[in-house]
Amino acid sequence: MNVNIEPSWGARLQPEFDAPYFRQLADFVRAEYRQGACYPPGRLIFNAFSLCPFERVKAVILGQDPYHEPGQAEGLCFSVPDGVAPPPSLLNIFKEIEGDLGRTPPPTGSLRRWAEQGVLLLNATLTVRAHQAGSHQGQGWEQFTDAVVRRLSEEREHLVFLLWGSYAQRKGASIDTARHLVLRSAHPSPLSAYRGFFGNHHFSLCNDYLMQHGITPINW
């Protein structure tokens, strides 16, 4: 695994790269990619960081795993490349945006445009084996992405963290709510979207908070 990460992140996360757990993680990931198909493509493992430098982050959405079917994962949680049909959770995200902000769903499932505006689309685990959800969990990625969340919480102010579902909420439990806005709801999955994701108004609440602090809102 070639750790080619955006410089502002690389400077802050170097202690993680130097840690024994990360060396073991890198060995595991390299072996997995050699043995068979894994996602996202290696060049996109750190795509969320490449598109959203540390000082430009305005909001953070926490996911769990990359998509594990061919052509879906692009290193941004919930996002799929242009031309790939949006998965059900992403369709529900678009439905909530339409209900919240009155915006028609876009023609693409790629959320790259969000990342380029300052939304860090961070999965807890950054790689996965083809067709096997959760197959790279428990290998060290979670410790690495916990460090990412911790750095943002401690070093930035007035960020918005959108935590959908119990997994994301546990991962974000240490966020300093005196410095940041933390929005929690059910997950957008079809299994839970009707239990509190729809109608959460997270997108308008995020923008209201950003504007209150003199920050340009996100064009969702």
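Evaluate the stretch 14-25: report whether one residue or more is buried (at least 21 other Cβ atoms within 10 Å of the Cβ), closer than 20 Å to residue 128 by Cβ and in contact (Cβ under 8 Å) with a residue 24 or more places away in the chain. Checking the stretch 14-25: at least one residue is buried (at least 21 other Cβ atoms within 10 Å of the Cβ), closer than 20 Å to residue 128 by Cβ and in contact (Cβ under 8 Å) with a residue 24 or more places away in the chain.
When the residues of the stretch 160-189 are filtered to those that are touching a helix residue (DSSP H, G or I) at 6+ places or on another chain (Cβ under 6 Å) and in contact (Cβ under 8 Å) with a residue 24 or more places away in the chain, the one that is surrounded by the most Cβ atoms within 10 Å (Cβ to Cβ) is 160. I'd like to know if the stretch 118-134 contains one or more residues that are among the basic types (Lys, Arg) and closer than 22 Å to residue 52 by Cα. No, because not a single residue in the stretch 118-134 is among the basic types (Lys, Arg) and closer than 22 Å to residue 52 by Cα. If you check residue 196 against the conditions, is it farther than 18 Å from residue 94 by Cβ and open to solvent by 20 Å² or more (accessible area, probe 1.4 Å)? So residue 196 fails the test. Only one of 11, 85 is over 16 Å from residue 128 (Cα atoms), open to solvent by 40 Å² or more (accessible area, probe 1.4 Å) and at pLDDT below 95; which? Selected residue: 11, the only one of 11, 85 that is over 16 Å from residue 128 (Cα atoms), open to solvent by 40 Å² or more (accessible area, probe 1.4 Å) and at pLDDT below 95. Would you check which residues across the stretch 200-220 are open to solvent by less than 20 Å² (accessible area, probe 1.4 Å) and part of a helix (DSSP H, G or I) and list them? Passing the criteria: 202, 203, 206, 207, 210. On inspection, residue 16 passes the criterion of being over 18 Å from the mean Cα position of the chain (by Cα) and assigned to a helix (DSSP H, G or I).
Yes or no, residue by residue, for (1) among the small types (Gly, Ala, Ser); (2) at pLDDT 95 or above; (3) in a loop (DSSP other than H, G, I, E, B):
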residue: 142; (1), (2), (3): no, yes, no
residue: 146; (1), (2), (3): no, yes, no
residue: 153; (1), (2), (3): yes, yes, no
residue: 163; (1), (2), (3): no, yes, no
residue: 169; (1), (2), (3): no, yes, no
residue: 173; (1), (2), (3): yes, yes, yes
residue: 177; (1), (2), (3): no, yes, yes
residue: 187; (1), (2), (3): no, yes, yes
residue: 198; (1), (2), (3): no, yes, yes
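Cβ-Cβ contacts under 7 Å between residues 6 or more apart (or on different chains), taken from a first residue in the stretch 116-130 that is open to solvent by 10 Å² or more (accessible area, probe 1.4 Å) to a second residue that is in a strand (DSSP E or B), are listed as 123/63; 129/38; 130/38; 130/39. So if I check each of 111, 126, which one is hydrophobic (A, V, I, L, M, F, W, C), touching a helix residue (DSSP H, G or I) at 6+ places or on another chain (Cβ under 6 Å) and within 22 Å of residue 163 (Cβ to Cβ)? Being hydrophobic (A, V, I, L, M, F, W, C), touching a helix residue (DSSP H, G or I) at 6+ places or on another chain (Cβ under 6 Å) and within 22 Å of residue 163 (Cβ to Cβ) holds for just one of 111, 126, which is 126. Do the conditions hold for residue 54, that is, is it in contact (Cβ under 8 Å) with a residue 60 or more places away in the chain, open to solvent by less than 60 Å² (accessible area, probe 1.4 Å), more than 16 Å from residue 80 (Cα to Cα) and touching a helix residue (DSSP H, G or I) at 6+ places or on another chain (Cβ under 9 Å)? Taking the combined requirement at face value, the residue satisfies it.
Being touching a Phe, Trp or Tyr at 6+ places or on another chain (Cβ under 7 Å) and hydrophobic (A, V, I, L, M, F, W, C) is the filter here, so list the residues in the stretch 20-54 that pass it. 22, 25, 49, 54 - these are the residues of the stretch 20-54 that are touching a Phe, Trp or Tyr at 6+ places or on another chain (Cβ under 7 Å) and hydrophobic (A, V, I, L, M, F, W, C).
The values are calculated or read from the model by the stated rules, or taken from the named source; none is laboratory data. This structure is a prediction, so every number in the text was calculated from the model and none was measured. A quick note on method: Cβ atoms are made from the backbone with ideal geometry, for glycine too, and the neighbour counts reach across all protein chains shown. The area values use the complete protein model at the heavy-atom level, side chains included, leaving out ligands, DNA and RNA. Shrake-Rupley method; radii C 1.70, N 1.55, O 1.52, S 1.80 Å.
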